[in-house]
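Undergrad: Below is one structure. I have some questions about it.
The values are calculated or read from the model by the stated rules, or taken from the named source; none is laboratory data. Predicted model only: the values in this text are computed from it and were never measured. All Cβ positions, glycine included, derive from the backbone under ideal geometry; neighbour counts span all protein chains shown.
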Amino acid sequence: MIESAEEFRRLRESDDPDEYRRAACDSAPPAVWRDVLARFPELREWVAHNRTVPHEVLTELASDPDPRVRWMVAAKRKLAAELQLRLAVDSDEGVRQRIAWNARATRAALERLAGDSWIVVAEHARARLAAGEYV
């Protein structure tokens, strides 16, 4: 378990593959994630990348001004339905595309994306709906 913001930063910046992997896989209490976001904002994308980051932190990151952070949130398999719907209308087309390609995309999110202004996203969402490839 990651015990502090400093530990997460050290793990993320480490050249040791085992430590780097811990930054992506180990859990931390919500307070630690919030401390990382407050003290090390340059690591927001990597907080979203962590496999165990809790829903309440993903909710906060889904509104991040950086589209790379929102893209990382959109890539999460465990992404809640309400966050999928919010990101399905994101201003960044890459974020919307990531929701369309998310293996756990809901029917509602894909239905929203089926009318997307970017044809690549719209066609992919329609194809998944037609094939029944949604949760």
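Undergrad: Name the pairs: first residue in region 115-135 and over 21 Å from D92 (Cβ atoms) and assigned by TED's automatic domain parsing to the domain that holds A88, second residue assigned to a loop (DSSP other than H, G, I, E, B) and hydrophobic (A, V, I, L, M, F, W, C), Cβ to Cβ under 7 Å, at least 6 apart or on different chains?
TA: These pairs meet every condition: L129/A114; Y134/A105; V135/A105.
A quick yes/no check of all residues on (1) surrounded by 14 or more Cβ atoms within 10 Å (Cβ to Cβ); (2) touching a Leu at 6+ places or on another chain (Cβ under 6 Å); (3) of a type in the set (D, E, K, R); (4) not assigned by TED's automatic domain parsing to the domain that holds L87:
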position	(1), (2), (3), (4)
I2	yes, no, no, yes
D15	no, no, yes, yes
A23	yes, yes, no, yes
A38	no, no, no, yes
P41	no, no, no, yes
R51	no, no, yes, yes
V57	yes, no, no, yes
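Undergrad: A further question on this structure: Looking only at region 36-48, count every residue that is under 11 Å from the mean Cα position of the chain (by Cα), over 19 Å from E82 (Cα atoms) and not β-branched (V, I, T) and tell me the total.
TA: 3
Undergrad: Just checking, which of E111, E19, E93 is farther than 19 Å from R128 by Cβ and free of Cβ contacts under 8 Å to residues at least 40 places away in the same chain?
TA: The conditions single out E19.
Residues are listed down the side, and each one gets a yes or a no for (1) crowded, with 19+ Cβ neighbours inside 10 Å; (2) assigned to a loop (DSSP other than H, G, I, E, B):
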site: S91; (1), (2): no, yes
site: V95; (1), (2): yes, no
site: I99; (1), (2): yes, no
site: A105; (1), (2): yes, yes
site: A108; (1), (2): no, no
site: S117; (1), (2): no, yes
site: A122; (1), (2): no, no
site: A127; (1), (2): no, no
site: A130; (1), (2): no, no
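Undergrad: May I ask you to list the residues in region 59-83 that are outside any helix (DSSP H, G or I) and within 13 Å of L43 (Cα to Cα)?
TA: Selection gives D64, D66.
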